[in-house]
1. Kindly indicate which of 156, 171 is within 18 Å of the chain's Cα centre (by Cα) and assigned to a helix (DSSP H, G or I).
2. What do you reckon, is residue 121 crowded, with 24+ Cβ neighbours inside 10 Å, in a loop (DSSP other than H, G, I, E, B) and under 15 Å from the mean Cα position of the chain (by Cα)?
3. Would you call residue 242 surrounded by fewer than 22 Cβ atoms within 10 Å (Cβ to Cβ), over 15 Å from residue 115 (Cβ atoms), without any contact (Cβ under 8 Å) to a residue 60 or more places away in the chain and more than 15 Å from the chain's Cα centre (by Cα)?
4. Of the conditions (1) over 20 Å from residue 108 (Cβ atoms); (2) assigned to a helix (DSSP H, G or I); (3) free of Cβ contacts under 8 Å to residues at least 24 places away in the same chain, residue 144 satisfies every one except a single condition; which number is it?
5. Please state which one of 269, 261 is under 24 Å from residue 121 (Cα atoms) and in contact with a strand residue (DSSP E or B) (Cβ under 6 Å, 6 or more places away or on another chain).
6. How many residues are in a loop (DSSP other than H, G, I, E, B) and free of Cβ contacts under 8 Å to residues at least 40 places away in the same chain when one looks only at the stretch 89-114?
7. Does residue 179 satisfy the condition of being in a loop (DSSP other than H, G, I, E, B), in contact with a helix residue (DSSP H, G or I) (Cβ under 9 Å, 6 or more places away or on another chain), under 18 Å from residue 232 (Cα atoms) and at pLDDT 95 or above?
8. Tally the residues that are touching a helix residue (DSSP H, G or I) at 6+ places or on another chain (Cβ under 7 Å) and not in a loop (DSSP other than H, G, I, E, B), restricting the search to the stretch 258-281.
């Protein structure tokens, strides 16, 4: 007879195809339009491209997906691959291997530049929109007449060999092993390329956020500068202690952007927790899993948006009552560089890109409002 977790895991298989299609959906970013104009010759020469797949779905992901014919007994070895992207090769990654000093020396990794590590979530594709959008957002800051940064070391962690397993709870059991691999990789860069831990941000979505937290625990006594936890995975982890899920001790600063009560957390995570649209179903999200995915769209936009996402401090009371404290000013969500703050914050967004609404106009007026939120409604109409 199946266990309770087994039944839940089997139930999750019913939404896998929907999640995969959502993850593979194209985005309307300017950078993606530029990528589409690249020549075929250039892409053929690239061994590790990170651009939008030509078709609806990523063929390499499906190859991995169908290797898990029996997802409940899969013995796939824990594996994580690391690809470096920089201003001079923004679309063609260079693979880095733990212990391979020669490969590292040839990669153009430069410890003088900030390092940003991206970790995708469960059922995410190697060429998924999280990796593309966040990578492109950071590297866009290195272009223009007056670039804000000379360059970044953007590193994409590809653990799709594991994440493509439909058995969510089996994958979740591997988080500590995956966190260990990420921590070992960063130690490798520290010892062999003079990487400073304080120059490292880790951006993780869903289970990727839990991997980031696990790596932060296992890299101690050193600390990452910042972890951005994008709707960190809730199922299984909500009942765990802080020792086994992401929390504020995993980096000097941990910021969480929580957009889904189904797949994520209701309770705050980290030093600062932002709740776009009260952290429930996001605006115009009609496909299962859309609200969960929306967290990384908000974050990628926060890096490049001239308006930015600005939240006000709030308090969450029982029975879905929120106290909004306009009198304490505004606090930026996401962005580059990170701006440490403490507390919980409410953020209102637009219903379609660009999502950022910029500064509010009435923050100088003292207000303390209690808002009753109906979690079954798409948005709250009182703010």
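1. Values: 156 fails: assigned to a helix (DSSP H, G or I).
Every option except 171 fails the conditions.
2. Yes; evaluated as a whole, the condition is true for this residue.
3. In short, yes.
4. (2)
5. Numbers: 261 fails: in contact with a strand residue (DSSP E or B) (Cβ under 6 Å, 6 or more places away or on another chain).
After applying the criteria, what remains is 269.
6. Residues of the stretch 89-114 in a loop (DSSP other than H, G, I, E, B): 97-100, 107-114.
Those still in the list that are free of Cβ contacts under 8 Å to residues at least 40 places away in the same chain too: 97, 100, 107-108, 112.
Going through the stretch 89-114 one residue at a time, the tally reaches 5.
7. Numbers: in a loop (DSSP other than H, G, I, E, B): no; in contact with a helix residue (DSSP H, G or I) (Cβ under 9 Å, 6 or more places away or on another chain): yes; under 18 Å from residue 232 (Cα atoms): yes; at pLDDT 95 or above: yes.
Spelling it out, it is not the case that residue 179 is in a loop (DSSP other than H, G, I, E, B), in contact with a helix residue (DSSP H, G or I) (Cβ under 9 Å, 6 or more places away or on another chain), under 18 Å from residue 232 (Cα atoms) and at pLDDT 95 or above.
8. Qualifying residue count for the region: 1.
The values are calculated or read from the model by the stated rules, or taken from the named source; none is laboratory data. In this text the structure is predicted, and so the values were computed from the model without any measurement. Quick reminder, even Gly has a Cβ in these numbers, built from the backbone with ideal geometry, and neighbours come from all protein chains shown.
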